[in-house]
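To start, the structure itself, in structure tokens.
The values are calculated or read from the model by the stated rules, or taken from the named source; none is laboratory data. From a predicted model like this one, the values you see are computed outputs, not experimental measurements. As a convention, Cβ positions derive from the backbone with ideal geometry for all residues, glycine included, and neighbour counts pool all protein chains shown. To get the accessible areas, we keep the full protein, side chains included, count just its heavy atoms, and leave off ligands, DNA and RNA. Shrake-Rupley method; radii C 1.70, N 1.55, O 1.52, S 1.80 Å.
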Amino acid sequence: QVQLVESGGGLVQAGGSLRLSCVASGSIFSINAMGWYRQSPGKQREMIAAIVSGGSPHYADSVKGRFTISRDNAKNAVYLQMDSLKPEDTGVYFCWVATMWDTWGQGTQVTVSS
């Protein structure tokens, strides 16, 4: 089993920044991809940013140029730097790790006030 621990959510004003962190532990033999999903009120969960091992990051159009995903392979960690936050970025952010199966974090709330 793989366990994920997320941190870094909170309340921020529009234009501000937050950094999310996610650390994976447990039965990790090979991580194929890591990323972040968001579920906003009344909407389906959507991919925000993801990075495949050995590949380039992918971003949702809505966050391109504002969010940056990064990985620390030695720590089995993934980060999401969120800048120029907008109220529409509000939602629960879930860490996702793909090994032999998909694992999701418990989610961390991000609220952006106008």
Check cross-link reach from K64 to the lysines: straight Cα distance under 17 Å, and skip same-chain residues fewer than eight apart. K86
Which whole-number percent of Cα pairs in segment 5-69 have a distance greater than 16 Å? 58
Taking R0 as 41 Å, what FRET efficiency do you get between Q13 and M100 from their Cβ-Cβ distance, rounded to the nearest 0.05? 0.50
Per the rule of 0.36 nm per residue minus the C-alpha distance, extending Q39 to S113 adds in nm 25.0 nm
Please arrange R38, R71 by accessible surface area, largest first, computed with a 1.4 Å probe and ligands excluded. R71, R38
How much length, in nm to one decimal, is gained on full extension between Q1 and K86, taken as 0.36 nm per residue of separation minus their Cα-Cα distance? 27.1 nm
If you place +1 on the Cβ of every Lys and Arg, -1 on the Cβ of every Asp and Glu, and leave all else neutral, what size is the dipole of the chain about its Cα centre, to the nearest 20 Debye? 60
With every protein chain left in place and a probe of 1.4 Å, what is the accessible surface of S25, to the nearest 10 Å²? 50
The chain: projected area of the alpha-carbon convex hull, averaged over directions, in nm²: 6.6
Just to make sure I understand: if all protein chains stay in place, what is the order of D83, D61, D102, D89 by accessible area at 1.4 Å, largest first? D61, D102, D83, D89
So what are the ³J(HN,Hα) numbers for segment 15-21, from phi and the Karplus equation (6.51, -1.76, 1.60; θ = phi - 60°), rounded to whole Hz, Gly and Pro as x? x, x, 10, 9, 10, 9, 10
Sequence order, segment 108-114: Karplus ³J(HN,Hα) from phi using 6.51 cos²θ - 1.76 cosθ + 1.60, θ = phi - 60°, Hz rounded, Gly and Pro as x, gives 9, 7, 10, 10, 10, 8, 8
Ranking E88, E6, E46 from most to least accessible area with a 1.4 Å probe gives E88, E46, E6
